[in-house]
Structure formats: C-alpha cells, structure tokens
1. Within a 10 angstrom radius of the beta carbon, how do ARG165, ARG130 rank from fewest other beta carbons to most?
2. Between GLY259, GLN136, ILE101, whose Cα lies farthest towards the positive end of the dipole of the chain when Lys and Arg beta carbons carry +1 and Asp and Glu beta carbons carry -1, centred on the Cα centre?
3. If you place +1 on the Cβ of every Lys and Arg, -1 on the Cβ of every Asp and Glu, and leave all else neutral, what size is the dipole of the chain about its Cα centre, to the nearest 20 Debye?
4. For region 105-168 and region 178-247, what is the separation of their Cα centres, given in Å?
5. Would you mind calculating the gained length between ARG218 and GLU138 on full extension (0.36 nm times residue separation, minus the Cα-Cα distance), in nm to one decimal?
6. Ignoring everything except DSSP H segments at least 4 long, calculate the 222 nm mean residue ellipticity for the chain; use -39,500 (n - 2.57) per segment, divide by total residues, nearest 500.
7. What ranking, highest mean first, results for peptides 268-281, 210-223, 10-23 when packing means the other Cβ atoms within 10 Å averaged over each residue?
Amino acid sequence: MSRLQSPIPILVIVGPTASGKSSLALRLADSLSAEIVACDALQVRAGLPLLTAKPTPCELSRTPHHLIGAFGSDEPATAARYAALADEAIAAIHARGKRVILCGGTGLYLRALCEGLVGTPQADPDLRTRLRIHAQREGIAALHDKLSTIDPASAARISKADYVRIERALEVYELTGKTMTDWHRENQAERAQGPRYQTIRIGLDPGPDILRDRIAARTQSWLQQGLLDEVAHHHTQCGPMQFPPLGYQQVLRHLYGTGPDHLDQESMLREICQKTAQYARRQRIWFRSEPGITWYEDGGHVDLRNIQTDSVTEQRSDEHPYAP
C-alpha cells in the first residue's frame, strides 16, 4: 500500500462499542463541515441495521457517511479491502474540500488504513484443505513443529494450539516461498517511510461498568424497535450467515431453537449483553495499546478548542502481524 501522506489531518474517533462514538462524530461533523467514514467491521456489512448499530436514516441524512453497508453480509470484509475502499472515500471527500472523520471500533481497520499491513497473499482454499487434513491426521502440534523449522520467529509468537495462525503462516510460506517473518521485515521497511495518513485521535471510554449499562439499555431498545423481526427477515431471505454479527445466533436460538438450544427472551438478552461486553473489553485492550489517542470518558467533554489540530500521531515502530 502506498504512502499517501494526507495533507489534511484526519480526525479519528475510536473506542469500545456503546461508548458514544457515533454521536460525537455527528456533532464534530456539524462543527467541521466534515463527512464520516465508517471504521467498523459490523457497520460496513450490508443488512441488519439495528444489530450492527448502523446510523439511523435521520443521521445518514444529516451528515454524509461512507462505507456503511459497503460489503455484502457474507462477503469477507478484510482489512486490506477496507483500507482500499476507505482510501477512495477519503480522496473523494478531500476533493470536495471537506474534512474527514474516521469513526469506529475496529482497530485492525484503523491500522491497515493509517499504517498499512503485512501484504501477504490471499487465502488458498485447496492448500488450507490439505493443511486441515494434515492437522486432523497428525495433530496441530505437528504443524507447529513444521512451522518451527521453517519460521522459528513466527512459531515462537504463535501458541501451539492456535491452528488458525499456524495454518496462515504455513500457507504464506508455501504460496510465496517467504516466511511471515520475511513479510513482516519487508513491511517494516515500507512503514519506515512514515504513516499513510496523518491523524488526530480521540478515544471514548466511559469504563466497563458504564459500558455494561449502556449495552444493556441499547440491546433492550433494539428489541423494542424490532430486533426479532429484523433477524427473522434476514434469516428467511438469506439463510445462515457466514459472518454473523454479535447477537445474531442468540436471536436465532430464541426464535427457532428447540430443547436445550432454545433461549427465552431474558436469557437471549443476557447472553447478547455478555458477549457484547466481552467484545468491548477486547476493543478497550486493543485501543489502549495504540499511540497518540487522547482519551475522554464522555463525548460531551470533547471540545474542539482543546484539540490540537496541527498535531499528528507518531508512526508506530512495532507491528503485530497476527493481530486479531
């Protein structure tokens, strides 16, 4: 991916789900005459607007939003593809003389867009099938041992039980003849040229207790707005989802589950909230390790006069090639 070196800093709003990012983005977009680019792996998929917390029709009419529903519901929404689409959206916004607000909770998307990712090849289904058969016959540990002889540095990073990352590291080597460590080294050399975009980063994090309360209230609100009908209609029209969003399986178990697989409404809501809170915790951990973020407990406390619009984040010196 090329170094774009955006001449206009991009305002980035990140944080865990239900932290108030969308509301803040809308307020700042009004103040800055900006347009919003989604940076959220749930919102970029088509369909299920309630369950994926997409902006409402009123919000979409208030401020131009980009990449909302840009991917099909069962289309792989990779970080590399996201970054390519975001590049196009940002270039178009800049051409109109508008500012850009990047808003969302997917840290890998942010990193891919602003810093680039290891440019490894796409997955090879046939090769993955062969590796999976090998793992079933010989065990995952045998594949990890194989990786240790090919790429000791990657093997040291990856747990012996982490089949997905073991498979990917072996796949990359067999497809290219280069190890993941080699790819990572080359990517670091490219990244040394500097960030792809200059960014001003705002993080929202009211803390886990408040987040749990907000998640519960939001989920209850979705139910009142027709969450069950939304999921039932999608399931009827599209069938099983390959990449279901948080809460989708719980709603299906409530609607169609039988015996021990059935969830009553209270259990469904409780499980959705639990899983969403766990997701929020992972988001908090990820973003707390990211550089250059100014943190706020509440979006209402963000004052544009206190944002140094001439400052930008520093380029990361480290890379996590196996980021979740």
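Every read-out reported here was derived from the displayed coordinates using simple, explicitly stated rules and does not represent laboratory data. The structure displayed is predicted, hence computed values, not measured ones. Note that each Cβ is placed from the backbone with ideal geometry, even for glycine, and that neighbours are counted across all protein chains shown.
1. Final ranking by Cβ density, sparse to dense: ARG130, ARG165.
2. Highest projection toward the positive end goes to ILE101.
3. 240
4. 22
5. Fully extending the segment from ARG218 to GLU138 adds 24.2 nm.
6. For the chain, the value works out to -16000 deg cm²/dmol.
7. Going by the mean number of other Cβ atoms within 10 Å, highest first, we get 10-23, 268-281, 210-223.
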